[in-house]
Amino acid sequence: MRWQFGTVHELVRETPRVSSLVLDAADWSGHLAGQHVDVRLTADDGYQTERSYSIGSAPEAMRLEITVERLDDGEVSPYLVGEVRPGDKIEFRGPIGGYFVWKASDDRPLLLVAGGSGVVPLMAMIRHRAALRSMTPTRLLYSSRSEEDIIYRAELERLSALGDGLTVAHTLTRSRPPGWSGYTRRIDRAMLEEVAWPKVQNPIIFVCGPTPLVEGVARNLVDAGFDAASIKTERFGPTGG
Amino acid sequence: MTVQQSDLKLDGNAIAGLLREIFTMEMTTAEGTCAGCHKVHAVGQVEVYMNAPGVVVRCPACGNVQMRIVKGGGRYWLDLSGIRSLQFSAESG
């Protein structure tokens, strides 16, 4: 798998700290929902550093899109969120990964649990489902710090209003706007049992977010009786900066 | 900022690109048998610590160090002594 340059076609400001980069890639073989790309930056003195970023676009989308959260002490993300402009070239390779992927041909009910920018690969799954007009019953439980930190908020509202079997539940862990009707605490077992499918329906479950959230959710799901073999997890941490 | 150990723990998905360089195949769906406890996990499930000079891979069941990978100076150094076997599709990649 070789490194290649893509041209930034468009930048989408998702939240104050998160942007999506829509890329034109000359040599792109397509991807599966849940895969990522590695991005490599090279300094003038030759120093190179790489980071992994999840693909947010559906496999069916015209262009490849990655969504990046800016970490203030990061080496790569402050460049990608803040300095990059349309027309700039970004060096990357991919698609990468195969464990944390979902295909619309899987007809089990789908449970998606996200913390922060962990929603990105799950959004690729939701967009994949929408692009194929799949009616797979799908529930997203999405934890953000505050309302302004919710990534893809408008699109999630639009897709969940279609009545095609997608429902979205939000929880805000730090601050809530007046009149907020969603959850207001960290994801716990009671919340998972309210949002998740009954375990007899044998859902396929994807959990993505910071390591403590992912491990807590996975443990709670297993404790609640869900089959560990149908829970797929992906952790990210500060090395993602 | 205080970085807790748990913040630095990732999983096999985080080294998918590195493993792809070495094995030339998609490896997160490969199944590895732990040399310590003999349990089988997909590489995507294993614990990965990237704060060391290289990458340290541990078994999610028993904590045994399964792999150590260091890349630098134009070379790879790979210690797989903690993994008994790896099984993966010849079609993947």
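The values are calculated or read from the model by the stated rules, or taken from the named source; none is laboratory data. For clarity, every value in this text was computed on a predicted model and none was experimentally measured. Quick reminder, even Gly has a Cβ in these numbers, built from the backbone with ideal geometry, and neighbours come from all protein chains shown.
Note on segment A:176-223: residues that are within 16 Å of A:G115 (Cβ to Cβ) and either outside any strand (DSSP E or B) or touching a Cys at 6+ places or on another chain (Cβ under 6 Å) (or both) amount to 22. Only a single item in (1) surrounded by fewer than 14 Cβ atoms within 10 Å (Cβ to Cβ); (2) within 14 Å of chain B (Cβ to nearest Cβ) is not met by A:T42, and it is number (2). Just one of the listed residues (B:T24, B:T2) is on the phi > 0 side of the Ramachandran plot and at pLDDT below 95, and it is B:T24. When A:R186, A:R158, A:R153, A:R145 are screened for being exposed (fewer than 12 other Cβ atoms within 10 Å of the Cβ) and either more than 14 Å from every other protein chain (Cβ to nearest Cβ) or more than 19 Å from A:V101 (Cβ to Cβ) (or both), only A:R158 passes. Picking from residues in segment A:1-39 that are free of Cβ contacts under 8 Å to residues at least 60 places away in the same chain and under 15 Å from A:V76 (Cβ atoms), the one that is farthest from the other protein chains (Cβ to nearest Cβ) is A:V39. On the stretch given as segment B:60-87, residues that are modelled with pLDDT under 95 and within 13 Å of chain A (Cβ to nearest Cβ) total 3. Summed over segment A:107-128, residues that are out of contact with any strand residue (DSSP E or B) (no Cβ under 6 Å at 6 or more places or on another chain) and in a loop (DSSP other than H, G, I, E, B) total 2. The residue pairs whose first member lies in segment A:50-69 and is closer than 16 Å to A:I96 by Cα and within 14 Å of another protein chain (Cβ to nearest Cβ), whose second member is part of a loop (DSSP other than H, G, I, E, B) and at pLDDT below 95, and whose beta carbons are closer than 9 Å, counting only pairs six or more residues apart or on different chains, are A:E50/A:V76; A:R51/A:G74; A:R51/A:E75; A:R51/A:V76; A:R51/A:G241; A:Y53/A:V76. Can you confirm whether segment A:84-100 contains a residue that is within 29 Å of B:A30 (Cα to Cα) and either aliphatic (A, V, I, L, M) or free of Cβ contacts under 8 Å to residues at least 24 places away in the same chain (or both)? Yes, there is a match, as at least one residue in segment A:84-100 is within 29 Å of B:A30 (Cα to Cα) and either aliphatic (A, V, I, L, M) or free of Cβ contacts under 8 Å to residues at least 24 places away in the same chain (or both).
The condition of being at pLDDT below 95 and part of a strand (DSSP E or B) holds for only one of A:E50, A:E65, A:E14, that being A:E50.
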